[in-house]
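Chemist: Can you read through this structure? Questions will come right after.
The values are calculated or read from the model by the stated rules, or taken from the named source; none is laboratory data. Please read all numbers here as calculations on a predicted model, not as lab measurements. When we count neighbours, we look across all protein chains shown, and the Cβ atoms used for this are built from the backbone with ideal geometry, even at glycine. All accessible areas refer to the heavy atoms of the entire protein, side chains included, with ligands and DNA or RNA removed. Shrake-Rupley method; radii C 1.70, N 1.55, O 1.52, S 1.80 Å.
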Amino acid sequence: MSKERLSEDQASPGSPADAPGQAEVTSANGSGRGGRAGGGRSGRRTLTEGQRSERRLALLLCAPAALVMIAVTGWPIIYSIWLSLQRYDLRFPADQEFVGLANYVEVLTSSYWWTSFGVTLLITVVSVAIELVLGMALALIMHRTIVGRGLVRTSALVPYGIVTVVAAFSWRYAWTPDTGYLANLFAPGSAPLTDQASALAIITLAEVWKTTPFMALLLMAGLALVPDDLLKAASMDGAGPWQRFIKVMVPVMKPAILVALLFRTLDAFRIFDNIYVLTSGAQDTSSVSILANTNLIQALNLGIGSTMSVLIFLSVALIAFVFVKLFGTAAPGSDTEGRR
Amino acid sequence: MSDIVLDRVTKRYPDGALAVQEVNIEIADGEFIILVGPSGCGKSTTLNMIAGLEDITSGELRIDGTVVNDRAPKDRDIAMVFQSYALYPHLSVRENMAFPLRLAKLDTATIDRKVSEAARILDLTQHLDRRPSNLSGGQRQRVAMGRAIVRNPKAFLMDEPLSNLDAKLRVQMRTSVSRLQKQLGTTTVYVTHDQTEAMTLGDRVVVMRGGVVQQIGAPQHLYEHPANLFVAGFIGSPAMNFVPAAVADGRLSTALGDIRLTDRLRRAMERADAPREVILGIRPEHFEDASLVDERVRAEGDVFTGLVDVVESMGSDKYVYYALDEKARSAELEELAADSGSSDVPASEGQLVTRLSAVSPVREGDHHEVWFDLGKVQLFDPATGRNLTLEP
Ligand SMILES: Nc1ncnc2c1ncn2[C@@H]1O[C@H](COP(=O)(O)OP(=O)(O)O)[C@@H](O)[C@H]1O
Ligand SMILES: [Mg+2]
């Protein structure tokens with residue numbers, strides 16, 4: 001708290017020609033806090049006394065939440081990073097030792113890691129792509145429905161309401177040879193969950209079945225952003241249904257689509273419960289999360305497991321970065337242009 | 001360039017609401033026609049049916065003699081301007097205007113030429129690369145017009161295109177819309193709830209009420225010969241005065257005093273088999289300060305003396321308001337009052353609005369004598385609203 005006060009004072013209009021170093025601290029702080037791009041010194045200097053005290057109050061009010069966030073998310077991350085730099089196997093606790101990046105070398109040269117990474121990427125890309133298409137279709141249906149709107153929406157959301165593990169078990173039983181109705185129907189006499197390709201397909205199917213409603217819900221919020229008049233205008237301008245969709249609807253709801261994709265991609269990359277229940281990662285179907293779990297919890301190798309966790313964290317951060325920086329994904333509601 | 005015919009066109013929405021009922025309109029090639037009426041009377045629905053955005057429940061819509069009931073909007077070759085402008089937010093002004101041309105698969109050079117031409121006409125050349133969200137209301141409105149005119153459609157449909165502009169800009173844009181339409185000579189159907197726009201813009205005006213066409217005609221004709229109470233009250237500002245009147249002993253006894261029945265009125269009432277109770281309508285400008293009217297003219301009218309309530313001096317003339325003891329009652333008049341918002345004012349007594357010469361010495365609180373022209377008085381049937389004085 002007192003530190004932030006300090007930087008606030010440094011920015012006071014009383015000291016116009018500060019040392020460059022000081023100014024940098026302030027501007028970094030300023031843009032971070034106010035959330036303004038380029039909120040540099042010149043912007044700051046024009047603040048009135050009232051605005052400054054208001055900002056101070058805002059900081060005070062935010063502080064408790066920020067502290068709790070740091071405590072519950074920051075600490076585990078830092079602790080994982082610290083663990084990942086150790087040789088630390090709970091079966092041989094005496095051998096604990098700082099090994100630098102050795103664990104990273106170990107993991108990144110392991111074929112297990114890269115297989116899991118590939119599987120995870122495959123599941124992520126395929127399931128998110130299918131979800132986008134199905135979710136869009138579902139969203140359009142829900143948006144257009146006039147009669148029984150509530151019923152349609154509720155029934156579409158049922159899969160999302162079921163606990164993933166429970167749903168995964170029902171998929172597992174359905175695909176179990178002899179007893180499962182889906183196995184009997186589509187693959188009589190074989191065990192689809194024991195073959196890599198078919199197991200991955202089933203995992204993807206379970207994932208798609210489960211999360212399409214979520215996608216649809218986010219996309220439906222985006223559809224609400226497309227004014228009716230705009231679609232009517234496009235009809236008058238000579239656009240057919242497909243052109244209206246591609247040339248008007250999609251661009252106008254692009255922010256919502258990107259947010260939906262971001263959420264789902266991050267989620268899909270961390271896929272765990274479906275695989276855990278369906279195959280436990282057998283036949284090269286484990287995702288990076290499953291692999292990390294195996295090393296951490298089953299093999300009790302805290303060092304290697306933490307390294308994988310950190311790598312997953314970095315991958316997820318990279319995905320988010322790509323979405324936000326390259327595609328310009330904005331948080332829902334912060335977009336102003338698409339509305340008007 | 002084409003004519004549009006609505007033949008007993010009816011619209012019933014899926015929820016059962018009858019929005020438009022048996023509408024017959026024949027719109028000539030190049031004509032500028034206005035649909036006017038209070039909000040909810042079915043103007044937009046009618047326009048959307050012409051556009052193809054709403055299905056026609058029954059009746060026929062013909063463009064250039066071809067029935068187009070079942071044609072999609074894109075196959076009707078009609079352009080539309082919306083109240084909200086409906087500009088594509090993700091496209092620049094240039095791309096917005098080029099949108100219909102792109103869809104029509106014109107080549108780039110032609111598109112560029114047509115867009116520049118439209119931009120020049122509408123004075124948008126320097127804004128071509130901006131986004132709609134960065135434009136002012138008036139500029140957005142012009143972009144919407146531009147998008148309509150670039151492709152030389154058979155007709156323009158406009159749904160309250162000026163309603164989102166402020167009053168001053170609206171008057172300016174009204175003139176430019178009118179000029180543009182004359183210049184292009186394209187058949188235009190224009191929807192508004194503003195009777196001033198209707199009067200000033202159109203070649204002909206269609207007055208609608210509750211989904212039913214009340215009267216179609218040139219603005220001046222509607223003004224002088226309204227078919228019924230509704231049209232009489234809707235067209236004109238300030239509105240026509242309505243006072244209850246009863247026929248007795250060859251005279252009309254009204255809140256304006258006993259009025260002699262002129263030959264014109266007597267003949268009209270006999271012809272129309274009028275009831276004993278009627279509503280008398282007279283426009284504010286058909287009054288004059290009695291002291292300013294010479295004897296000869298005076299004989300063609302009658303005088304009314306009343307307590308002056310309010311005087312509004314407009315410079316060119318004076319609006320003088322009198323309080324009356326009685327108020328004319330009819331369903332149509334109540335609807336008009338509801339539409340203009342004046343039904344909220346609890347007025348059990350009536351009001352008379354007169355427009356007098358600026359030189360009139362009238363003052364608030366005076367008992368002042370005004371003359372009115374009996375030749376302009378109109379009588380209406382309170383039950384049906386029909387204008388009894390209309391020449392057959
Ligand atoms: N989509 C719709 N479904 C049901 N009723 C509608 C619909 N659109 C309009 N209406 C009804 O039809 C009538 C005419 O509406 P509209 O044509 O929009 O009126 P206006 O444009 O003259 O204000 C209104 O009573 C309105 O409530
Ligand atoms: Mg309307």
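Chemist: Interface B/A, total buried accessible area with a 1.4 Å probe, nearest 100 Å²?
Modeler: On the way: alone 18240 and 19400 Å², together 35690 Å².
In total, chains B and A hide about 2000 Å² from solvent.
Chemist: Under a 5 Å amide H to amide H cut-off, with H placed in plane at 1.01 Å, what residues pair with B:GLY306 once short-range neighbours are removed?
Modeler: B:HIS368, B:VAL370
Chemist: Please compute the contact order of the stretch B:259-340 in relative form: average sequence separation of alpha-carbon pairs under 8 Å and at least six residues apart, divided by the residue count, as a percent.
Modeler: 17
Chemist: Ignoring ligands, DNA and RNA, what percent of the 1.4 Å accessible area of chain B is carbon and sulfur?
Modeler: Values: 7980 of 17290 Å².
Solvent-exposed carbon and sulfur of chain B make up 46 percent of the total.
Chemist: Now for a separate question. How much accessible surface area, in Å² rounded to 10, belongs to the heavy atoms of B:ARG62 with a 1.4 Å probe?
Modeler: Approximately 60 Å² of B:ARG62 is accessible to the 1.4 Å probe.
Chemist: Here is a follow-up. Ignoring ligands and nucleic acids, what accessible area does B:VAL171 show with a 1.4 Å probe (Å², nearest 10)?
Modeler: B:VAL171 has an accessible surface of roughly 70 Å² with all protein chains in place.
Chemist: With 10 Å bins from zero, work out the P(r) of the protein assembly as shown over every alpha carbon pair and list the percent per bin.
Modeler: 2, 10, 14, 15, 15, 14, 11, 8, 5, 3, 2, 0, 0
Chemist: Take the Cα pairs of the stretch A:112-248, get the Kirkwood Rh, then feed it into Stokes-Einstein at 10 °C and 1.306 mPa s and tell me D in µm²/s.
Modeler: Values: Rh = 17.4 Å.
In µm²/s, the coefficient is 91.
Chemist: Hey, what angle do you get for helix B:137-149 against the long axis of chain B, alpha-carbon based, 0 to 90 degrees rounded to 10?
Modeler: 70
Chemist: A follow-up question, please. Helix B:93-103: angle to the longest alpha-carbon principal axis of chain B, degrees 0 to 90, nearest 10?
Modeler: With both axes taken from Cα atoms, the answer is about 70 degrees.
Chemist: Give me a single rounded figure for B:81-94: the average over its residues of other chain Cβ atoms within 10 Å of their Cβ. Intermediate values should be presented prior to the final figure.
Modeler: Numbers: counts 2, 7, 1, 6, 4, 11, 4, 8, 11, 8, 3, 0, 0, 0.
Averaged over the peptide's residues, the number is 5.
Chemist: Would you mind classifying the stretch B:238-380 by shape? Square roots of the alpha carbon gyration tensor eigenvalues, ordered a ≥ b ≥ c; an a/c under 1.5 is rounded, otherwise it is prolate if a/b is larger than b/c and oblate if not.
Modeler: Because a/c hits 1.5 or more and a/b fails to exceed b/c, the stretch B:238-380 counts as oblate.
Chemist: Kindly express, to the nearest 10 degrees and within the range 0 to 90, the angle between helix B:263-272's C-alpha long axis and the longest C-alpha principal axis of chain B.
Modeler: 60
Chemist: Cross-link partners among lysines for B:LYS114, C-alpha distance below 26 Å, same-chain residues fewer than 8 apart left out?
Modeler: A:LYS232, A:LYS247, B:LYS74, B:LYS105, B:LYS154, B:LYS182
Chemist: Sticking with this one: So who's got an amide H within less than 5 Å of the one on B:GLN214, skipping anything under 5 residues away but keeping other chains? H placed 1.01 Å off N, in plane.
Modeler: Distant-sequence amide H within range of B:GLN214: B:VAL207, B:MET208, B:ARG209.
Chemist: Residue by residue, what Karplus-based ³J(HN,Hα) values in Hz, rounded to whole numbers, does the stretch A:297-302 have, using 6.51, -1.76 and 1.60 with θ = phi - 60° and x for Gly and Pro?
Modeler: 8, 7, 8, 6, 8, 5
Chemist: Something else: Applying the Karplus parametrisation 6.51 cos²θ - 1.76 cosθ + 1.60 with θ = phi - 60° to the phi angles of the stretch B:163-171, what ³J(HN,Hα) value in whole Hz is obtained for each residue in order, glycine and proline being reported as x?
Modeler: Along the stretch B:163-171, the couplings run 5, 8, 9, 6, 3, 5, 4, 4, 5 Hz.
Chemist: Now, a different point. Please work out the average accessible area per residue across the stretch B:238-380, using the 1.4 Å probe convention, and give it in Å². If you can, show how the numbers build up before the last one.
Modeler: Details: 7270 Å² over 143 residues.
Ligands and nucleic acids excluded, the figure is 51 Å² per residue.
Chemist: Work out the length of the dipole vector of the stretch A:120-286 about its Cα centre, built from +1 on the beta-carbon of each Lys and Arg and -1 on the beta-carbon of each Asp and Glu, and round it to the nearest 20 debye. Walk me through the numbers on the way to the answer.
Modeler: Values: 11 positive and 10 negative charges, 105 e Å.
Once rounded to the nearest 20, the dipole reads 500 debye.
Chemist: Most fluctuating residue of B:LYS318, B:LYS105, B:LYS43 in a GNM of chain B with Cα springs under 10 Å: which is it?
Modeler: Largest GNM mean-square fluctuation: B:LYS105.
Chemist: For B:HIS225, B:HIS367, B:HIS127, give me the order by solvent-accessible area with a 1.4 Å probe, most accessible first, ignoring ligands, DNA and RNA.
Modeler: B:HIS367, B:HIS225, B:HIS127
Chemist: Can you list the residues, at least 5 places off or on another chain, whose amide H is less than 5 Å from the amide H of B:MET80, using H built in the peptide plane?
Modeler: It is B:LEU157, by chain and number.
Chemist: Can you compute the modelled spin-label distance between B:LEU169 and B:LYS182, with each label point 7 Å from Cα toward Cβ, in nm?
Modeler: Using points 7 Å along Cα→Cβ, the separation is 2.4 nm.
Chemist: Helix-only estimate, please: 222 nm mean residue ellipticity of chain B, summing -39500 (n - 2.57) across DSSP H runs of length 4 or more and dividing by its residues, to the nearest 500. Don't jump to the answer; show the numbers that get you there.
Modeler: Details: 11 runs with 108 residues, N = 392.
Here the helix-only value at 222 nm equals -8000 deg cm²/dmol.
Chemist: Okay, moving on. Taking only the alpha carbons of the stretch B:1-156, what extent do you get along each of the three principal axes, in Å, biggest first?
Modeler: Answer, in whole Å and largest first: 46, 31, 26 Å.
Chemist: Okay, next question. By accessible area of protein heavy atoms, probe 1.4 Å, what ranking do B:ASP15, A:ASP95 get, highest first?
Modeler: Output order, biggest surface exposure first: B:ASP15, A:ASP95.
Chemist: Let me cross-check A:ASP273: its accessible surface, 1.4 Å probe, with only protein heavy atoms counted, in Å² to the nearest 10?
Modeler: 60
Chemist: In the stretch A:197-238, what residues drop by 50 Å² or more of accessible area when the other protein chains are put back, versus the chain on its own? Use 1.4 Å, and skip ligands and nucleic acids.
Modeler: A:ASP229, A:LEU230, A:LYS232, A:MET236, A:ASP237
Chemist: For the stretch B:183-199, in order, what is each residue's ³J(HN,Hα) by Karplus, 6.51 cos²θ - 1.76 cosθ + 1.60 with θ = phi - 60°, in whole Hz (x at glycine and Pro)?
Modeler: Residue by residue, the stretch B:183-199 yields 4, 7, x, 8, 3, 9, 10, 10, 9, 8, 9, 9, 5, 5, 4, 4, 5 Hz.
Chemist: In what sequence, largest accessible area first, do A:CYS62, B:CYS41 appear using a 1.4 Å probe? The partial results should precede the final answer.
Modeler: On the way: A:CYS62 80, B:CYS41 5 Å².
So the residues, ranked largest to smallest area, are A:CYS62, B:CYS41.
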